[in-house]
Amino acid sequence: MKITIFNGSPRGRKSNSNVIAESLLEGAELAGAQTEQVFLIEKDIKQCLGCFSCWEKTPGSCILNDDMKELINLYLESDYVGMATPVYNMYMTGLLKNFTDRFLPLVTPHLQRKEDGSFYHEGRVKHFPRQFFIANSGFPGEHNFDVLKKFFENQNLVLEIYRDCGEALQATVENPSLIEKINQYREHLKKAGSEIVQNGQVCGETKDQIHSKLIRDEEYMEEANRQWNEMLEETDC
Ligand SMILES: Cc1cc2nc3c(=O)[nH]c(=O)nc-3n(C[C@H](O)[C@H](O)[C@H](O)COP(=O)(O)O)c2cc1C
């Protein structure tokens, strides 16, 4: 079984998104999966031109020449695919949005109607991987994920991870209780990764554990502001 995560943070390997993704993949590996994380910032991904050549002139393939061919192959050969992003202006990063726009060649042009009255484009391939999603926000609070949650509603994802206070994930401060919480959080993520491999789903208890609070909002705010003040003093701003 192959599990791939496409990480859409511009911070790449140093991102909070990576802290979450690598723990999940560690658990999946322990359960026997082959795993890979792709840092989109390291790839050449041009913007979709909206020319619809992939539907008309070269059906099923994009006319742009960049890393997307290789990435779409990796996507299709995976059993499970995760997309990871920080919240940027209440949504995903441009990097991840740009990447997902480039999946247009995988669907056919004709409009199809679902029983519920909504419209969709049918896939060109028989087998699409099952998906999961990872987001982390800089602000405290569930509401930071409202737009993303709406977007993924009814998409039957295996798992959705919404981590608020994301900047706490790489705590460098001497705060033993936070470090303990982060270690526990990583263990819960590992468990989720293993469950995906073993059961094709994540149980309610693990989902709840993943979404338990890391740090009190007030404490997070105070620590973030203290660190900013320190940094600004150093740079004399
Ligand atoms: C351009 C920009 C826009 C952002 N917009 C939001 C936002 O709307 N809501 C929020 O909670 N955090 C926002 N953030 C903060 C990031 O979500 C936060 O720093 C996150 O932990 C970064 O994760 P990463 O290390 O995985 O990139 C924004 C950050 C940047 C640089």
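If I filter the stretch 122-139 for residues that are over 16 Å from the mean Cα position of the chain (by Cα), part of a loop (DSSP other than H, G, I, E, B) and polar (S, T, N, Q), do I get at least one hit?
Looking through the stretch 122-139, none of the residues is over 16 Å from the mean Cα position of the chain (by Cα), part of a loop (DSSP other than H, G, I, E, B) and polar (S, T, N, Q).
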Filter pass, P109 being loosely packed, with under 14 Cβ neighbours inside 10 Å, free of Cβ contacts under 8 Å to residues at least 60 places away in the same chain and closer than 18 Å to C51 by Cβ: yes
Working only within the stretch 206-237, note down all residues that are surrounded by fewer than 11 Cβ atoms within 10 Å (Cβ to Cβ) and either hydroxyl-bearing (S, T, Y) or in a loop (DSSP other than H, G, I, E, B) (or both). S212, T235, D236, C237
Do we have T93 as under 14 Å from the mean Cα position of the chain (by Cα) and under 26 Å from Q34 (Cα atoms) here? no
Which residues, taken from the stretch 18-40, are away from the ligand (no atom under 12 Å from the Cβ) and either part of a loop (DSSP other than H, G, I, E, B) or of a type in the set (G, A, S) (or both)? S23, G27, A28, A31, G32, A33
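Among D79, D116, D101, which is under 25 Å from P10 (Cα atoms), out of contact with any helix residue (DSSP H, G or I) (no Cβ under 8 Å at 6 or more places or on another chain) and of a type outside the set (V, I, T)?
After ruling out the rest, the residue left standing is D101.
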Can you name every residue in the stretch 147-174 that is in contact (Cβ under 8 Å) with a residue 40 or more places away in the chain, away from the ligand (no atom under 14 Å from the Cβ) and either part of a strand (DSSP E or B) or within 25 Å of R226 (Cα to Cα) (or both)? L159, V173
Give the residue that is nearest to the chain's Cα centre (by Cα), with candidates limited to residues of the stretch 2-17 that are more than 13 Å from F99 (Cβ to Cβ) and near the ligand (Cβ under 9 Å from one of its atoms). S17
Residue satisfying condition, being more than 16 Å from the ligand (Cβ to nearest atom), more than 22 Å from M1 (Cβ to Cβ), part of a strand (DSSP E or B) and β-branched (V, I, T), within set T58, T108, T85: T108
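Only one of E26, E115, E56, E70 is of a type outside the set (K, R) and modelled with pLDDT under 95. Can you tell me which?
Matching residue, one of E26, E115, E56, E70: E115.
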Residue selected from the stretch 188-205 under the condition surrounded by fewer than 19 Cβ atoms within 10 Å (Cβ to Cβ) and in contact (Cβ under 8 Å) with a residue 12 or more places away in the chain, by the criterion farthest from Y80 (Cα to Cα): Q198
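The values are calculated or read from the model by the stated rules, or taken from the named source; none is laboratory data. Here the structure is a predicted model, which means the values were calculated and not measured. Neighbour counts run over all protein chains shown; Cβ positions are idealised from the backbone, glycine included.
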